[in-house]
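A short write-up of the structure that comes next.
The values are calculated or read from the model by the stated rules, or taken from the named source; none is laboratory data. Remember, it's a predicted structure, so these values are computed and weren't measured experimentally. Reconstructed Cβ throughout: ideal geometry from the backbone, glycine too, with neighbour counts over all protein chains shown.
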Amino acid sequence: MTRSLLWPLILLCGGCGEPHKSGPAATTVAPATMAAPYLLVVMPRETIAKTQFHVPRHGGPGFAARGQGFDPHPVITANGRKLPTAFGDSGWLTSEMPSDLYEKPGLVTIKVMDSNGKESNSFDFKVTAAK
């Protein structure tokens, strides 16, 4: 009788402790082989020249970048210039844009660079002329 009670316990505990190290689920990806970050949108998408703008729903000066695959040490770039970047999570970053980048009408190219130097796709932030 005792042996018949032990088998379910042994089978139940077979999955306890350290995870099994073989199979596709156990494969780890080295940081160098991870995909580059992907930028979905920058918010706000545009501003009027010489007009300070704010992160939607947060109220602080600057903008937010939404995307995928942001590592904990990303850098947002604007026209190739590295900006101070605050990490929200793997899909949310915020930064302030220096005023000289939105002084006159045109496009500011936004990208995200991960800690391995991989760059995301670009997103154009539009600066329109004042009316």
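Some notes on this structure:
- Restricting region 59-82 to residues that are small (G, A, S) and under 13 Å from the mean Cα position of the chain (by Cα), the residue that is farthest from M113 (Cα to Cα): A64
A quick yes/no check of all residues on (1) part of a strand (DSSP E or B); (2) modelled with pLDDT of 90 or more; (3) in contact with a Lys or Arg (Cβ under 7 Å, 6 or more places away or on another chain); (4) hydroxyl-bearing (S, T, Y):
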position	(1), (2), (3), (4)
R3	no, no, no, no
S22	no, no, no, yes
A32	no, no, no, no
R57	no, no, no, no
P72	no, yes, no, no
T77	yes, yes, yes, yes
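- Qualifying position, being out of contact with any His (no Cβ under 8 Å at 6 or more places or on another chain), free of Cβ contacts under 8 Å to residues at least 60 places away in the same chain and surrounded by fewer than 18 Cβ atoms within 10 Å (Cβ to Cβ), among P61, P84: P84
- Restricting attention to region 87-130, the residues that are in a loop (DSSP other than H, G, I, E, B) and in contact (Cβ under 8 Å) with a residue 12 or more places away in the chain add up to 17.
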